[in-house]
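Participant: Sharing a structure here in structure tokens format.
Bear in mind that the values in this text are calculations on the coordinates, not laboratory data. All values derive from a computational prediction rather than experimental measurement. Virtual Cβ from ideal backbone geometry, glycine too; neighbours counted across all protein chains shown.
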Amino acid sequence: MNLEQARFNMIEQQIRPWDVLDETVLATFGFIPREAFVPPQWKNLAFADIEIPLGNGEFMMHPRVEARMLQALTISPDDRCLEIGTGSGFVTACLAHLSKHVDSVDIYEDFTRQAEERLLSRELTNYSLHTGDALRGWVSTQLYNVIVVTGSVPAYLPRFEEQLAPGGRLFIVVGTAASMQAMLVTRQPEGDFSRTMLFETGLKPLVGAASGSSFTF
């Protein structure tokens, strides 16, 4: 398999046609080796337009969704990021490449451990990995410029926006199967929040978020 050709095809045939035109984001997908972050048995499909199984019933997002998400967040080199759901560590690596620092938390200890190994192999150092439940228990007292939630919630969950610094941006997918919307939330300088629907998509719920009975829009 020609990895570089497969990477080029992913960018030009999947990501760019999905309205991802930010050259910094496209360059990031060319630079961070996605094949190094998938389970070994899926390496030949690392660039395919599929959700790759990771174990624990979890999946990597489609490359085009990852790219569209990063584009919407307009990440700068001075940004501090929070990622809810480390998964494979690929999005963590992209965030680290684009920003000043990334805190990433995952409920599964084996995901945290595997992501650490993969990130170290790329010689990335501007990240901290945590194992915990970001919905119930794990809390950071820091404010972030960027927050990425890599699992969906059935109804809008305001707790994450409370961790945004002024001007900060939050990406989250809201809804249930067959009716999900990617949302960008921005904290205005005066403290108010603006919420913009970006695109329709489908994403597995965050662990513990499926019931949604206590969530409000």
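Participant: Determine ³J(HN,Hα), in whole Hz, for all residues of region 4-15 in sequence, where each value follows from phi through the Karplus function 6.51 cos²θ - 1.76 cosθ + 1.60 and θ = phi - 60°; x replaces Gly and Pro.
Facilitator: Per-residue couplings from phi come out as 5, 5, 5, 5, 4, 5, 4, 5, 7, 9, 10, 7 Hz.
Participant: At 7 Å along Cα-to-Cβ for each site, give me the label-to-label distance between LEU3 and VAL139 in nm.
Facilitator: 4.3
Participant: If you keep only loop residues by DSSP, which trypsin sites (Lys or Arg not before Pro) in region 148-217 have at most 12 other Cβ atoms within 10 Å of their Cβ?
Facilitator: On the way: sites: ARG159, ARG169, ARG187, ARG195; in loops: ARG159.
Those that pass, being in a loop and sparsely packed, are ARG159.
Participant: Given the -39500 (n - 2.57) contribution per DSSP H run of 4+ residues, what per-residue ellipticity at 222 nm results for the chain, rounded to the nearest 500 deg cm²/dmol? Display every interim value, and only then the final one.
Facilitator: Details: 5 runs with 49 residues, N = 217.
The per-residue figure over the chain is -6500 deg cm²/dmol.
Participant: Using θ = phi - 60° and the Karplus relation 6.51 cos²θ - 1.76 cosθ + 1.60, list the HN-Hα couplings for region 90-107 in order, rounded to whole Hz, with x at every Gly or Pro.
Facilitator: After applying 6.51 cos²θ - 1.76 cosθ + 1.60, I find 5, 5, 4, 5, 4, 4, 5, 5, 8, 10, 7, 7, 10, 9, 10, 10, 9, 6 Hz.
Participant: Also, I was wondering about something else. Given a 10 angstrom Cα cut-off, can you work out which residue in ALA177, ALA165, ALA36 is the most mobile in a GNM of the chain?
Facilitator: The residue with the greatest mean-square fluctuation here is ALA177.
Participant: Work out how much length GLU117 to PHE31 would gain on full extension: take 0.36 nm times their residue separation and subtract the Cα-Cα distance, in nm to one decimal.
Facilitator: Details: separation 86, 0.36 × 86 = 30.96 nm, distance 1.81 nm.
Length gained, GLU117 through PHE31: 29.1 nm.
Participant: If one takes the longest principal axis of the Cα atoms in the chain, at what angle in degrees, from 0 to 90 and to the nearest 10, does the Cα axis of helix 109-121 lie?
Facilitator: Its long axis makes an angle of about 50 degrees.
Participant: Where the only charges are on Cβ atoms (+1 Lys, Arg; -1 Asp, Glu), what is the dipole of region 52-126 about its Cα centre, to the nearest 20 debye? Present the calculation step by step, with values, prior to reporting the outcome.
Facilitator: Working: 7 positive and 12 negative charges, 62 e Å.
It comes to approximately 300 debye.
Participant: Using alpha carbon centroids, what distance separates region 177-211 and region 1-69, in Å?
Facilitator: 22
Participant: May I ask you to derive the FRET efficiency for ASN56 and ASP19 from their Cβ-Cβ distance with R0 = 25 Å, giving the value to the nearest 0.05? Could the numbers behind the result be given before it?
Facilitator: Working: r = 32 Å, r/R0 = 1.26.
The pair ASN56/ASP19 has a calculated efficiency of 0.20.
Participant: Sequence-distant or interchain residues sharing an amide H contact under 5 Å with HIS130, placed H: which?
Facilitator: Residues meeting the criterion, in which the H sits 1.01 Å from N, are SER104, VAL105, ASP106.
Participant: Something else now. Could you give the alpha-carbon Rg of the chain over 2.2 N^0.38 Å, rounded to two decimals? All intermediate terms of the calculation are to be shown ahead of the outcome.
Facilitator: Numbers: Rg = 16.2 Å, N = 217, 2.2 N^0.38 = 17.0 Å.
After normalising by residue count via 2.2 N^0.38 Å, the value is 0.95.
Participant: Using θ = phi - 60° and the Karplus curve 6.51 cos²θ - 1.76 cosθ + 1.60, what whole-Hz ³J(HN,Hα) does each residue of region 76-87 get, with Gly and Pro shown as x?
Facilitator: Along region 76-87, the couplings run 10, x, 9, 6, 9, 10, 10, 10, 9, x, 5, x Hz.
Participant: At SER179 and LYS100, where each label point lies 7 Å from the Cα along Cα→Cβ, what is the point-to-point distance in nanometres?
Facilitator: Between SER179 and LYS100, the label points sit 4.1 nm apart.
Participant: What stretch of the chain, leaving out the sites themselves, is the longest with no GluC sites (Glu not before Pro) in a DSSP loop having at most 13 other Cβ atoms within 10 Å?
Facilitator: Details: sites that count: GLU123, GLU190.
The longest uninterrupted stretch comes out as 1-122.
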